[in-house]
Each structure stands twice: as C-alpha cells, then as structure tokens.
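Visitor: Below is the structure I would like to discuss, written out as structure tokens.
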Amino acid sequence: MVSKLLKSSLAATVALSLSYSLADAKQLGAELWGSKGDQDKVFMAMTKKMGGLGFTISDPHPHINDGYAHKYGSTTLDNLGFFSSAHDENMRTLLEDYPEYAGFTPFNMHIYKKKSENITWAGHIRPEVMSDIVEVHDIKARIQFASVFQSLDKLVVDEMKPTLVKNMYFDSLPKDPMMKFEFTIDLADYDDDMETFVEEFQENFEETFEEAGYLIAGYKDIKEVYDDLEQDFKYPAFWVYSLCHFPFSNAVFNETPEAGIFAPCSLYMYVDEDEKTLHIGMPKLANWIKVANITNPEHIKLVNDLDAEIIRVFTEEMEVNIVE
C-alpha cells in the first residue's frame, strides 16, 4: 500500500503542477502519512537525514504541545512539531524569478499525534498548492518547484514506514490568497546605506509585532545563505520571518492539528535595488480555513481577525502600503 501511495504521490506531483486549481473540483491539499504508535524518535532521526538530500531545517520547534500544556493547563496532543525546511540549492533561481515562493521557503515538515489515537502523522502541504497560494502560474517554474519535494517524500515513506494516509481535500483557495505590501526606501534617511535601512526596519518590525502579541518563531536570511554558498543572488537583501500567535495556534491546533502544515507563517521581505522598494508578502491565514477544512465558527473568526490585524499593523503602525 505504501509503495503504491508513494508512486501515486510522486507521479501526481508533475501532473498536478501542469494545471491550475479548478473551483469545481476537489483538490488535494496535503497527504499526511500515518504510522502506528509514538514515532517521535523515528521522525527526529528522519529529519537528521534530510540534510543528506540538501534540505536545511531552520529554527525547529519540536513538542509545541508541551508549551500549550504549560501555558494553558492542558492539550489534546501528545506531539506537535514544526520543522521549517528548505532546499536552498534548488530554490535559488526560483526565488530570483518568483520571490513569492519565499511564502513557503521555508515550509513546515509537520508532525503531530493526538492523545485520542495511537497514530503519528507527518507530512507537508503539496507543492502545487503552495504554487497556487503564492500565485505562480508559470508551468516550468511549478514543475521545478514540485520536483524539490520528491526526494523528501520518498525519505518520509522510507523512514516512517506509514501504513495509513490522510488525504486533505478542499474545494478552492480564497480569492486573494496572499497579503502583499510595499515600502519605498529613501536611503537618504539611512545614511545612504542599505544595511542600515535593513537593520532599522527589522528592529521596528520585531518590536511592533511582538508588542501586538506575535512571536518571532524563526528567521532565515536568504541573501546570507547564498553568500555563504558563494552563489550570486539577484536581491541585495532578502529574509523570511516565521510568525506565530500562540493563543491562536493553541485554539486551532488542539482541534485541527492538520492545520499545522501551514505553521509557522513564512513572512518574506526583499529589496529590489533598482526600484529602491521593500516588498513584503505572506500567505493569508484564510488559506488554513480552506485547505484544512476548519469549520468551527470561533476558529474561522480567529483566522479572519488575525488576517485583518496583520494588515492593520503593517499599514497603520509600520506605515507600509498594501498591494491590492
């Protein structure tokens, strides 16, 4: 069953990448592989092997459920882990052509186990759905992006030896799946130094969002990654924050841990030097409602409120312009 599942998964990757989302058809948002029992040690050993495939894990967050239990007194989960992952080597040219892919660079290699069932689940959002969310429609780019995940999916199946699969189907994505902003840079305000601008903007962002109740759960300097690899990179500054809201995640993941495939949110920022513009983007939380089939009215309100709040903080407190 597992070999059949894997073969089907990998073959479908390219086929699905060739087409756009169809509103009148069910779409496969994620395949989560289930292994009986507590497979935390097996999963952690598997993540160590991801490096051999070229994947890097930045700011891993294992056993977030322990934090929920400590802060809120209880949790429905035996395990909940977020492992922000990226294949830096294979993403360089894609990010240069389509920087929006940073909305899933890194993406979450997800694990969870409910107390009520003796199954450990692991997986990630399907790459063609990531492409749909960040609104990349170029077929060649979509195929290239999807190919990044094939070796990882094989590793998960080989190491976790799943006997079950949970297919997460959904009808459609939100009409506007991304939030995007722009900030015009006047380098005269920063001693004509781009590094000074970046440092000051990052400090302002971190202070502003932490005061608004968000956690900076991770940070990845994309430009520095390629500098360290001694590879040219188009953008003079490019970084990704992992953004989290603990009360929100506790409420949603205790009922719908599958939604953790989206967490933490990747919020990217990059500078276009020719335009002297800082571009900012993040997949909306509204995608969680669609892909993870969140139906609890209270959780739907939380999602919509957080989307609105993030936009408000950026536009009103950080004075950046929303891109319609």
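The values are calculated or read from the model by the stated rules, or taken from the named source; none is laboratory data. Computed from a prediction, not measured in an experiment: that's the story for all the values here. Note that each Cβ is placed from the backbone with ideal geometry, even for glycine, and that neighbours are counted across all protein chains shown.
Visitor: Inspect the range 72-89 for any residue being in a helix (DSSP H, G or I), among the acidic types (Asp, Glu), closer than 30 Å to residue 273 by Cα and within 19 Å of the chain's Cα centre (by Cα) and give the result as yes or no. Full working, then the answer.
Guide: Residues of the range 72-89 in a helix (DSSP H, G or I): 72, 88-89.
Add one more test, that the residue is among the acidic types (Asp, Glu), and what stays is 88-89.
Checking the rest, the ones that are also closer than 30 Å to residue 273 by Cα come to 88-89.
Subset that is within 19 Å of the chain's Cα centre (by Cα): 88-89.
There is at least one residue in the range 72-89 that is in a helix (DSSP H, G or I), among the acidic types (Asp, Glu), closer than 30 Å to residue 273 by Cα and within 19 Å of the chain's Cα centre (by Cα).
Visitor: Related question: Have a look at 238, 246, 314, 262 and point out the one that is surrounded by 22 or more Cβ atoms within 10 Å (Cβ to Cβ), of a type in the set (Phe, Trp, Tyr), more than 22 Å from residue 197 (Cα to Cα) and in contact with a strand residue (DSSP E or B) (Cβ under 8 Å, 6 or more places away or on another chain).
Guide: 262
Visitor: Quick check on residue 265: is it without any contact (Cβ under 8 Å) to a residue 24 or more places away in the chain and under 14 Å from the mean Cα position of the chain (by Cα)?
Guide: yes
Visitor: Now for a different question. In the range 133-148, which residue that is under 17 Å from the mean Cα position of the chain (by Cα) and either of a type in the set (Val, Ile, Thr) or surrounded by 23 or more Cβ atoms within 10 Å (Cβ to Cβ) (or both) is nearest to residue 29 (Cα to Cα)?
Guide: Once the filter is applied, the top-ranked residue is 133.
Visitor: Here's something else I'd like to know. For the range 120-130, state whether one or more residues are surrounded by fewer than 20 Cβ atoms within 10 Å (Cβ to Cβ) and closer than 22 Å to residue 281 by Cβ.
Guide: Going residue by residue through the range 120-130, those that are surrounded by fewer than 20 Cβ atoms within 10 Å (Cβ to Cβ) are none.
No, the range 120-130 contains no residue that is surrounded by fewer than 20 Cβ atoms within 10 Å (Cβ to Cβ) and closer than 22 Å to residue 281 by Cβ.
Visitor: So which of 201, 197, 209, 170 is surrounded by 13 or more Cβ atoms within 10 Å (Cβ to Cβ), modelled with pLDDT of 95 or more and in contact with a Phe, Trp or Tyr (Cβ under 8 Å, 6 or more places away or on another chain)?
Guide: Of the residues listed, the single one that is surrounded by 13 or more Cβ atoms within 10 Å (Cβ to Cβ), modelled with pLDDT of 95 or more and in contact with a Phe, Trp or Tyr (Cβ under 8 Å, 6 or more places away or on another chain) is 201.
Visitor: Starting from the range 75-89, take each residue that is more than 16 Å from residue 111 (Cα to Cα) and touching a residue at least 12 places away in the same chain (Cβ under 8 Å) and list its partners that are small (Gly, Ala, Ser) and surrounded by fewer than 23 Cβ atoms within 10 Å (Cβ to Cβ), counting only C-beta distances under 6 angstrom and pairs at least six apart or across chains.
Guide: Correct list of pairs: 87/54; 89/54.
Visitor: Kindly indicate whether any position in the range 82-97 is modelled with pLDDT of 95 or more, under 20 Å from residue 293 (Cα atoms) and surrounded by 23 or more Cβ atoms within 10 Å (Cβ to Cβ).
Guide: Scanning the range 82-97 turns up at least one residue that is modelled with pLDDT of 95 or more, under 20 Å from residue 293 (Cα atoms) and surrounded by 23 or more Cβ atoms within 10 Å (Cβ to Cβ).
Visitor: I would also like to ask the following. Can you find, within the range 100-119, the residue that is nearest to residue 282 (Cα to Cα) among those that are more than 13 Å from the chain's Cα centre (by Cα) and surrounded by 24 or more Cβ atoms within 10 Å (Cβ to Cβ)?
Guide: This residue is 111.
Visitor: For residue 180, which of the numbered conditions (1) more than 22 Å from residue 239 (Cα to Cα); (2) assigned to a strand (DSSP E or B) fails to hold?
Guide: (1)
Visitor: Of all residues in the range 268-305, how many are over 26 Å from residue 98 (Cα atoms), surrounded by 15 or more Cβ atoms within 10 Å (Cβ to Cβ) and either hydroxyl-bearing (Ser, Thr, Tyr) or touching a residue at least 60 places away in the same chain (Cβ under 8 Å) (or both)?
Guide: Result for the range 268-305: 1.
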